[in-house]
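Asker: Pasting a structure here, questions to come.
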Amino acid sequence: MFLFRTRTHPETTDGVLEVDGERFCDTAERTAGRLPCGTYEVKVLHPSAGTARLVIHRTDRRHSVGELLAGNGTNTLRRGGIVVGEHRARGLCIRSRPTFERLLERVERARGREMALYVV
């Protein structure tokens with residue numbers, strides 16, 4: 001997966017997520033809390049109660065540094081949070097839940113239930 005950041009504003013950063021060389025969806029992040037450019041691992045986490053999560057790890061560390069998630073905007077995002085969906089306005093994605101579910105399914109099909117994420 002590649003995350004290409006396309007627009008940066010003081011509060012929000014919009015981007016495009018590509019999976020296997022094809023555009024998959026749009027993204028939105030809080031500019032102040034976004035991940036630095038680099039290589040990460042995205043792993044599926046199934047908590048005992050609740051829905052599955054797509055957690056982002058540095059390749060050289062065990063603790064998480066962020067998460068790919070469903071949500072409309074960036075106002076309540078924690079550091080490293082990346083909302084997936086269809087871009088509607090600066091820092092705002094729509095159709096986020098179905099987009100997240102498709103992405104979750106794609107990562108779960110990957111060998112070892114994880115994928116590399118390159119943030120450029």
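The values are calculated or read from the model by the stated rules, or taken from the named source; none is laboratory data. Everything numeric in this text was worked out from a predicted model, so none of it was measured. FYI the Cβ positions are ideal-geometry reconstructions off the backbone, even for glycines, and counts take in every protein chain you see. Surface accessibility is based on the protein's heavy atoms, side chains included, excluding ligands, DNA and RNA. Shrake-Rupley method; radii C 1.70, N 1.55, O 1.52, S 1.80 Å.
Asker: Residues in region 63-120 that are assigned to a strand (DSSP E or B) and either more than 17 Å from Leu3 (Cα to Cα) or in contact (Cβ under 8 Å) with a residue 24 or more places away in the chain (or both): how many? It would help to see each step written out before you state the result.
Answerer: Step one: filter region 63-120 for residues assigned to a strand (DSSP E or B), giving 64-69, 73, 81-89, 92-94, 114-119.
Pick out the ones that are also either more than 17 Å from Leu3 (Cα to Cα) or in contact (Cβ under 8 Å) with a residue 24 or more places away in the chain (or both) and you get 64-66, 68-69, 73, 81-89, 92-94, 114-119.
Number of matching residues: 24.
Asker: Testing Leu103 on (1) open to solvent by less than 80 Å² (accessible area, probe 1.4 Å); (2) modelled with pLDDT under 95, one condition comes back false. Which one is that?
Answerer: For Leu103, the exception is condition (2).
Asker: Go over the candidates Leu92, Leu35 one by one and state the one that is surrounded by 17 or more Cβ atoms within 10 Å (Cβ to Cβ), under 13 Å from the mean Cα position of the chain (by Cα) and not aromatic (Phe, Trp, Tyr). Give the derivation first.
Answerer: Details: Leu92 fails: under 13 Å from the mean Cα position of the chain (by Cα).
Of Leu92, Leu35, the one residue that is surrounded by 17 or more Cβ atoms within 10 Å (Cβ to Cβ), under 13 Å from the mean Cα position of the chain (by Cα) and not aromatic (Phe, Trp, Tyr) is Leu35.
Asker: Here is a further query. How about region 22-32: which of its residues are part of a strand (DSSP E or B), open to solvent by 30 Å² or more (accessible area, probe 1.4 Å) and either among the β-branched types (Val, Ile, Thr) or closer than 25 Å to Arg109 by Cβ (or both)?
Answerer: Within region 22-32, the subset part of a strand (DSSP E or B) is 22-30.
The next check asks that each one be open to solvent by 30 Å² or more (accessible area, probe 1.4 Å); those that pass are 22-24, 30.
Glu22, Arg23, Phe24 - these are the residues of region 22-32 that are part of a strand (DSSP E or B), open to solvent by 30 Å² or more (accessible area, probe 1.4 Å) and either among the β-branched types (Val, Ile, Thr) or closer than 25 Å to Arg109 by Cβ (or both).
Asker: Still on this structure, please answer the following. Regarding region 43-50, can at least one residue be identified that is modelled with pLDDT of 95 or more and in a loop (DSSP other than H, G, I, E, B)? Let's see the steps before the verdict.
Answerer: Our first condition is that a residue be modelled with pLDDT of 95 or more; within region 43-50, this holds for none.
Checked region 43-50: no residue is modelled with pLDDT of 95 or more and in a loop (DSSP other than H, G, I, E, B).
Asker: Residue under question is Val19, and the condition is that it be open to solvent by less than 60 Å² (accessible area, probe 1.4 Å), under 18 Å from Phe2 (Cβ atoms), among the aliphatic types (A, V, I, L, M) and in contact (Cβ under 8 Å) with a residue 60 or more places away in the chain; does it hold? Even if it seems obvious, please write down each step before you answer.
Answerer: Numbers: open to solvent by less than 60 Å² (accessible area, probe 1.4 Å): yes; under 18 Å from Phe2 (Cβ atoms): yes; among the aliphatic types (A, V, I, L, M): yes; in contact (Cβ under 8 Å) with a residue 60 or more places away in the chain: yes.
Yes.
Asker: Assuming Arg62 fulfils every condition listed in (1) more than 19 Å from Glu101 (Cα to Cα); (2) open to solvent by 80 Å² or more (accessible area, probe 1.4 Å); (3) at pLDDT 95 or above apart from one, which condition is it?
Answerer: (3)
Asker: Another question about this same structure. For region 38-50, enumerate the residues that are of a type in the set (A, V, I, L, M, F, W, C), closer than 12 Å to Glu67 by Cβ and open to solvent by 10 Å² or more (accessible area, probe 1.4 Å). Outline the logic, then answer.
Answerer: So in region 38-50, the residues of a type in the set (A, V, I, L, M, F, W, C) come out as 42, 44-45, 49.
Those still in the list that are closer than 12 Å to Glu67 by Cβ too: 42, 44-45.
Within region 38-50, Val44, Leu45 qualify.
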